[in-house]
Number of protein chains: 2
Amino acid sequence: MDIDTRLLRYFVAVAEEGNLTHAARRLFVSQPALTKQIKQLETQLGTALFTRSRSGMTLTEPGRALAERAPALLAGWDQILRETKAAASRAARVLRVGFVASGANEATQPIVAEFSRRRPGWRAQMRQASWANPSAGLSDGEADVALVRLPFPGQDTLRVTPLFTEPRCVALAAAHPLATRDVIPFRDLWDEPFVAAPAESGPWRDYWLAADEREGHPVRIGAVTDQPDDWLNAIANGYGIALAPESAARFYARPGVVYRPVTGVSPSRAAVAWTPADDDNPVVRDFANCCLEVGSSGCTVAL
Amino acid sequence: MDIDTRLLRYFVAVAEEGNLTHAARRLFVSQPALTKQIKQLETQLGTALFTRSRSGMTLTEPGRALAERAPALLAGWDQILRETKAAASRAARVLRVGFVASGANEATQPIVAEFSRRRPGWRAQMRQASWANPSAGLSDGEADVALVRLPFPGQDTLRVTPLFTEPRCVALAAAHPLATRDVIPFRDLWDEPFVAAPAESGPWRDYWLAADEREGHPVRIGAVTDQPDDWLNAIANGYGIALAPESAARFYARPGVVYRPVTGVSPSRAAVAWTPADDDNPVVRDFANCCLEVGSSGCTVAL
DNA sequence: CGATGTCCATGCCGCCAGGTTATGGAGGCG
DNA sequence: CGCCTCCATAACCTGGCGGCATGGACATCG
């Protein structure tokens, strides 16, 4: 009997939620669609997987048997997918470089140029990741190497080489009262609403809210964004302010948004990262070396 | 990205055959359908999996990566399917009893009756297996316990308890010259064409061709069948003759087919079998005990 | 050199599975 | 008693999959 992984994901979602309606919302499908799919799965297997009641869907015994194994199968497929895509990019002589906005900013172009020089025939394919994914696609296998900002969740399982540090500044609406100040002590920003990254990004989000430099003072969240354009809009609209690397002032200049130096927050560290599985991958090593070289020459100037 | 296991099976088939046309035949689909499916898989993955040429389809590097892992994934799904179905039958208090035609013949009904007595509330669901599958569904998880004839392929990995032995006779067309004889020495049948089981059944097929009792004399195959009705038709039509357990004379009597005793072939051994995983399954053990009890009383009379 | 055979690709069509919206029915709850 | 929650059903639409027929490229052979 054949099955679509989509159907399995549907099943797992319903099993986890114990509720068709919630699972449907989580899966971005309508509830009747889920009803039909689950029913069809039960028909194909010739057994009931759930017992229905007004309070939701409870797994039956065979349902539990399936629910125990299905996640591993889905993970297995994801893994295969990652490996196949990695092989595809290798075969096409493409290095997939993930980066989060502000990853290396000015350094990015020289790094790619140096890489092209050192690896003729290869192409660095830049892939911007959302802030919901601050490993820039490394942890989900969408990138071979990544330009990131530390700290980020999952960095312990990856190889991380620091490149340079850079002071953090604050981005605020041009109309903001503090926008006229030349330098702002971070303490003066404690009560300001902040434009934050999505919750999934964990320590990364906390770092850009400077949670450690607030001496316990709580954070006010004015908006949540996961990409630069939303972020700039939110700031320009006055939904909140945000910390950013100094280079953002040049890289993400925009009418209505001003950047001001801040005292009392640690500088941001940029790094290049890759998977342990790629420790012996000469192309990845070359890219990392390009990063180090450029970081120690051109970029210090930019700072 | 989601995928249907059917699509993966298609891919694996093409990878193994190295040829769309042959793979299509093996999968019982048309060649254009396969062409489209493979092309779609490549589109979804964003990479070529095969290089096409007049001589067929050769795996690319990413194709090889996928082809290495896909079979394990498919096997994993099959395994999950087996376990889920097993759980389903357990939950429904159904014991799935596989049998090959002639499995236990007369003994079958008393066994089931005894099982119903010993396990009220449970139901023995009989499932006849084709001769292409002489473990009667045990090895593919479609049965919890099986009534079989020894030897059969894969029996070493299963628990097998012999029940009784029974002489083998020969089934031939009523019009066959030898049909008038009372008892036939097997040697007289060496040059007759035989109606055989499919090749997959390996040692089982050989046993019913009495390969060991021919002193090296080659077998002539007149027809290949995988179920009793085809088998009886083939014999009645004179395509060949075949060995069968004595009880087949009563169980598979049919106009145009006669059964005669044969000397010089070993008797057939009937057995009950189950999976090692079910060693501790009390229902399976009960069924096996029912088989032993009935085999040692009622069936000896039948013989 | 043309005939033939073997590959894979393409075009066209019918059908079904999966999705959506709207609605119904059955219980819990304030 | 009205309302909310949750699952099931109905009606409808669309896209994907499969089938057949056919085309195009190339090798082989008489």
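Read-outs: derived from the displayed coordinates by stated rules, not from any lab. Fair warning: this is a prediction, and the values are worked out from it, not measured in the lab. Here the Cβ is made from the backbone with ideal geometry for all residues, glycine too, and neighbour counts use every protein chain on show.
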Q.
Using a 10 Å cut-off around each Cβ, can you sort A:L163, A:L178 from fewest to most neighbouring Cβ atoms?
A. A:L178, A:L163
Q | GNM flexibility winner over chain A from A:N19, A:N289, A:N105 (Cα, springs under 10 Å) | A | A:N19
Q. When chain A is turned about an axis onto chain B, which of its residues keeps its C-beta closest to that axis, and how many Å is it?
A. A:D4, 2
Q) What trypsin sites (Lys or Arg not before Pro) in the range A:45-92 are in a loop by DSSP, with at most 16 other Cβ atoms within 10 Å of the Cβ? A) A:R54
Q) Cα-based Rg (one decimal) and Dmax (whole number) for the range A:51-99, in Å? A) 18.9, 56
Q) When chain B is treated as a GNM, springs tying every alpha-carbon pair under 10 Å, which of B:R181, B:R250, B:R117 comes out with the largest mean-square fluctuation? A) B:R181
**Q.** Convex hull per residue volume in Å³, alpha carbons only, for chain A
**A.** 170
Q | Net +/- balance of residues flanking A:E192 in space, Cβ distance below 13 Å, scoring K and R +1, D and E -1 | A | +3
(Q) Label position 7 Å from Cα toward Cβ: report the copy-to-copy distances for B:E68 in nm, one decimal, ordered from shortest. (A) 3.1
Q. Given Cα pairs under 8 Å that are at least 6 residues apart, what percent is the relative contact order of chain A?
A. 20
Q.
Let me check I've understood the local charge: for A:N133, count other residues with C-beta under 11 angstrom from its C-beta, Lys and Arg +1, Asp and Glu -1. What total comes out?
A. -3
Q: Find every distance from the label point of B:A277 to the corresponding label point in the other copies (7 Å from Cα along Cα→Cβ) and write them in nm, one decimal, shortest first.
A: 2.8
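In whole angstrom, how long is each semi-axis of the equivalent ellipsoid of the range A:1-148, when you take the square root of 5 times every eigenvalue of its Cα gyration tensor and sort them from largest down? It would help to have the intermediate numbers written out before the result.
Values: eigenvalues 369, 58, 23 Å².
Equivalent-ellipsoid dimensions as semi-axes: 43, 17, 11 Å.
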Q.
Order these by the 10 Å Cβ neighbour count, fewest first: A:I184, B:I111.
A. A:I184, B:I111
Q.
What are the extents of the Cα atoms of the range A:85-152 along their three principal axes, in Å, largest first?
A. 32, 28, 14
Q | the range B:245-294: Cα Rg divided by the 2.2 N^0.38 Å rule of thumb | A | 1.70
Q: For each of A:T5, A:T58, count neighbouring Cβ atoms within 10 Å of the residue's Cβ, then give the residues from fewest to most.
A: A:T58, A:T5
**Q.** Distribution of pairwise C-alpha distances over the protein assembly as shown, 10 Å bins, in %
**A.** 3, 13, 16, 17, 16, 12, 8, 7, 5, 3, 1, 0
Q.
Going 7 Å from Cα along the Cα-Cβ axis for the label, what nanometre distances separate B:A113 from the same residue across the other copies?
A. 9.4
Q. Sequence-distant or interchain residues sharing an amide H contact under 5 Å with A:V262, placed H: which?
A. A:V170, A:I184
Q.
Along each principal axis of its Cα atoms, how long is the range A:5-85 end to end? Whole angstroms, biggest number first, please.
A. 43, 26, 19
(Q) Using Cα springs under 10 Å in a Gaussian network model of chain B, which residue among B:P134, B:P153, B:P32 shows the largest mean-square fluctuation? (A) B:P32
Q) Just the projected area, averaged over all directions, of the convex hull on the alpha carbon atoms of the range B:156-303: how many nm²? A) 9.7
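Could you grab the Rg to Rh ratio for the range B:89-220? Cα atoms only, Kirkwood for Rh.
On the Cα set of the range B:89-220, Rg over Rh gives 1.05.
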